[in-house]
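Rule-based calculations on the coordinates, nothing more; no lab input. Since the model is a prediction, treat every value here as computed from it, not as a measurement. Don't worry about glycine lacking a Cβ; one is built from the backbone with ideal geometry, like all the others, and counts go over all protein chains shown.
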Amino acid sequence: MRRSARRKRTVSAYFDGDTMVVLIPARMSSAEEEHWVAEMERKLLRGKNRRVSPARQSDEALMQRCRELSAQYLDGDAQPTSVRWVPPMRTRWASCTPAEGTIRVSDRLRDVPAWVLDYILVHELAHLRVAAHNKEFWALCARYPKTERAIGYLEGLSAAAGLGLTELD
Ligand SMILES: [Zn+2]
């Protein structure tokens, strides 16, 4: 928490790594201060959770999210042996090697909204059951309700970045 004599009325907050910094006017009472720190924390955390997935933080978190999504959409029947964040790939957002049960996700996706990353994971997990992009495969993907929207989001992202990344593998 930082008090500023120049700050008259406004309160603002941001994250500096894991630390939340709250800027408040110097003249605020401690009761007001307490209120605003709690308020800004609530707001910031809500914004954070809405934007990105906790799975972005580590390979372990990514694996945990895969377990949840497999249970929710794929009958618990798509369990990878490993799921890893990898440096950006030239032509892919993510890839799966069904024979080995491994999934790799491009670092480019660390900052996409949680619901987009979830789609990617459902897609790759579905490949553990059906390797090809056939009707059966897309029926599995369609169990995740935001599949269409996520595909549109990724096409837009790819076009905006001039990446030419429209296909998932
Ligand atoms: Zn695919």
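Rounded, prolate or oblate: pick one for the stretch 64-127, where a ≥ b ≥ c are the square roots of the eigenvalues of its C-alpha gyration tensor, a/c under 1.5 means rounded, and failing that, prolate if a/b is larger than b/c, else oblate. Oblate, since a/c reaches 1.5 and b/c is not below a/b.
Averaging the sequence gap over all C-alpha pairs within less than 8 Å and six or more residues apart, then dividing by the number of residues, gives the stretch 54-168 a relative contact order of 25 percent.
Estimated from the Cβ-Cβ distance and a Förster radius of 45 angstrom, the FRET efficiency linking SER82 and GLU148 is about 0.95. Using the Cβ-Cβ distance between MET89 and SER29 with R0 set to 45 Å, the FRET efficiency from 1/(1 + (r/R0)^6) comes to roughly 0.25.
Arrange LYS135, LYS43, LYS146 by Cβ neighbour counts within 10 Å, fewest through most, would you? By the 10 Å Cβ count, ascending: LYS135, LYS43, LYS146. Spacing of the modelled spin labels on ASP75 and ALA5, each 7 Å from Cα toward Cβ, amounts to 7.1 nm. In a DSSP loop and with at most 11 other Cβ atoms within 10 Å, the GluC sites (Glu not before Pro) in the stretch 19-112 are GLU100. In the chain, helices alone account for a calculated mean residue ellipticity at 222 nm of -14000 deg cm²/dmol, with every DSSP H run of four or more residues adding -39,500 (n - 2.57). Computed from label points 7 Å out along Cα-Cβ, the spacing between ALA161 and ASN134 is 3.2 nm.
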